[in-house]
Amino acid sequence: MSVNEKKAERVVLAAYEHVPYYNQLFLNNELDPESDALSLPDIPVTTKENIRELGIVNFLNNSSLRRGRLIDRDDVQVQQTTGTTGIPMSIPWYKTDYYASTYHHWKLRSRYGNVTAVSRQCSLFFSNKKEDVFIVTENRLQINRAHICPETVREYLHKMVDFRPEWIYMQPSILIYLICIAQKENIDIRGEIRYIESVSEPLIPAYRKIIESYFGFSVHNMYGCEETNGIAFECDHGRMHLMSGNVIVQIVDENGRSTTNGARGNVCVTGLHNTLMPIIRYGLNDIAQLDSTPCPCGNKNPSLQLFSARITDILLLNDPNLTGSAELYYPHSAFSDLDLSDFIPFRLGMGEVGRTIYFPDDENDAETLFHEFLRIMAAYGMENAIFHLISKDEAKSAGKLGYLKPTPKGAE
């Protein structure tokens, strides 16, 4: 039995013995945890919706609960999901499990960026509290994603100059926004930065080009989630290799069965470390396929090619001062001369997450610009994200200003 197989067995057995949801799941499907721990395809796929519907307490190790609540203990830490695909969730970890889950990731960061856990970092955090705008510690400078706007970003940029970060861990669209404001305000934030890791959303070619041109070195893309931490990491040859020491990745069809021969399907992950909140065959609703062909970088782990994943947080117009909190603009001449005073907001998002793009009040103009928007999305590497436009009247009747909603490919 390999090391990773032993890890998978440990997590599955702990889930069966101590987690109400998985205990019931195994019993309902007549699965034997001893013999099926390594037969993951037989275990039904779990989704974020399952967690929300049943309550997170049913997914926690009951040895750490008292009267239905997580015991306040020093060896537990709670990670907050970003909420890019819906409502944010709190994911508890035993600290030792959490550190173990990041071990291979830090090895890659050290190799490609010469950074460690104590290197000074710039990143984001998420909080709904209005007073939570910045977090500054000895080695971390963070800005609240919910408060991204010109005023807070300018202040953050000045803090960066004083903080002298060595690396950046951030969504590429938000980093693009920082670069735009920095250039407009003549604030040079490059300083001692030697490594950038792109997270949480697609690193579309246009954004990669802008970031790498500004900083003068390559960006490394990382795919992961707070439920398991790192899933795949981009090598110097542009391939997203699986972090097999941290997760088992399967590509599954609509019935939850593993696909074969590199077929596309939903990304399904099993975390190998979190025994407080085990993640077993967890569907991420990202469409991808696996590629096992050898890579010149020497990494023998299969690579993951994503086709449809989370959309970008920010799409920018040429003038970054137009962009406010949670607003989306696109960097294309077709939108650069439009008068925003005549526009109504349209929300671009999934679940209850709102992202805004402006189209004119005139329905005919909106339709024309919408089709131009689709063409631009394809040109910028987002051809697998399919959207449709709901009319202003439909939007008003629903009590909202309007939605551009992602639709699964082939369902248009």
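The values are calculated or read from the model by the stated rules, or taken from the named source; none is laboratory data. Since we're looking at a predicted model, the values are computed, not measured. Here the Cβ positions follow ideal geometry from the backbone for every residue, glycine too, while neighbour counts run over all protein chains shown.
Restricting to strands (runs of 3 or more DSSP E) lying wholly in the stretch 116-165: which have 1 or more residues that are in the same structural domain as Thr102 (by TED's automatic domain parsing), in contact with a Cys (Cβ under 9 Å, 6 or more places away or on another chain) and free of Cβ contacts under 8 Å to residues at least 60 places away in the same chain? Quick ask: steps written out before the conclusion?
On the way: elements: 121-125, 134-136, 140-144.
The strands (runs of 3 or more DSSP E) meeting that bar are 140-144.
Looking at the stretch 238-262 only, could you name the residues that are within 17 Å of Leu272 (Cα to Cα) and assigned to a loop (DSSP other than H, G, I, E, B)?
The answer is Met243, Ser244, Gly245, Asn246.
Could you list, ordered by first residue, the pairs with Cβ atoms under 6 Å in which the first is in the stretch 3-18 and β-branched (Val, Ile, Thr) and the second is not in a helix (DSSP H, G or I), at least 6 apart or interchain?
Cβ pairs passing all conditions: Val11/Pro278; Val12/Ala37.
From the set of residues in the stretch 172-219 that are of a type in the set (Val, Ile, Thr) and more than 22 Å from the chain's Cα centre (by Cα), which is nearest to Leu108 (Cα to Cα)? Outline the logic, then answer.
Step one: filter the stretch 172-219 for residues of a type in the set (Val, Ile, Thr), giving 174, 176, 179, 181, 187, 189, 193, 196, 199, 204, 210-211, 219.
Still in the list and also more than 22 Å from the chain's Cα centre (by Cα): 181, 187, 189, 193.
Details: Ile181: 30, Ile187: 30, Ile189: 24, Ile193: 17 Å.
Going through the qualifying residues, I end up with Ile193.
For Asn186, only one of the following conditions fails: (1) modelled with pLDDT under 95; (2) assigned to a loop (DSSP other than H, G, I, E, B); (3) of a type outside the set (D, E, K, R); (4) buried (at least 22 other Cβ atoms within 10 Å of the Cβ). What is its number?
(4)
Find all pairs meeting these conditions: Cβ atoms under 8 angstrom apart; at least six residues apart or on different chains; first residue within the stretch 171-185 and under 14 Å from Glu155 (Cα atoms); second residue surrounded by fewer than 21 Cβ atoms within 10 Å (Cβ to Cβ) and at pLDDT below 85.
So the pair list comes out as Ile179/Ile210; Ile181/Pro150; Lys184/Asn321.
Kindly indicate whether any position in the stretch 107-114 is basic (Lys, Arg) and either surrounded by 16 or more Cβ atoms within 10 Å (Cβ to Cβ) or over 30 Å from Leu60 (Cα atoms) (or both). Even if it seems obvious, please write down each step before you answer.
The first filter runs over the stretch 107-114 and keeps only residues basic (Lys, Arg), leaving 107, 109, 111.
Retained after the next criterion (residues that are either surrounded by 16 or more Cβ atoms within 10 Å (Cβ to Cβ) or over 30 Å from Leu60 (Cα atoms) (or both)): 109, 111.
Yes, the conditions are met somewhere in the stretch 107-114.
For Lys209, indicate whether it is touching a Pro at 6+ places or on another chain (Cβ under 8 Å) and either in the same structural domain as Ala100 (by TED's automatic domain parsing) or closer than 30 Å to Met277 by Cα (or both). So that I can check it myself, show each step before the final result.
Details: touching a Pro at 6+ places or on another chain (Cβ under 8 Å): no; either in the same structural domain as Ala100 (by TED's automatic domain parsing) or closer than 30 Å to Met277 by Cα (or both): yes.
Judged against the criteria, Lys209 is not a match.
Based on what the data block shows, is Gly191 surrounded by fewer than 18 Cβ atoms within 10 Å (Cβ to Cβ), touching a helix residue (DSSP H, G or I) at 6+ places or on another chain (Cβ under 9 Å) and of a type outside the set (A, V, I, L, M, F, W, C)?
yes
Pairs only if they're at least six apart or on different chains, beta carbon under 6 angstrom, first in the stretch 264-293 and within 18 Å of Gln77 (Cβ to Cβ), second buried (at least 21 other Cβ atoms within 10 Å of the Cβ) and of a type in the set (Ser, Thr, Tyr); list them, first residue then second.
If the second residue must be buried (at least 21 other Cβ atoms within 10 Å of the Cβ) and of a type in the set (Ser, Thr, Tyr), the pairs left are Gly271/Thr228; His273/Ser101; Ile279/Thr228.
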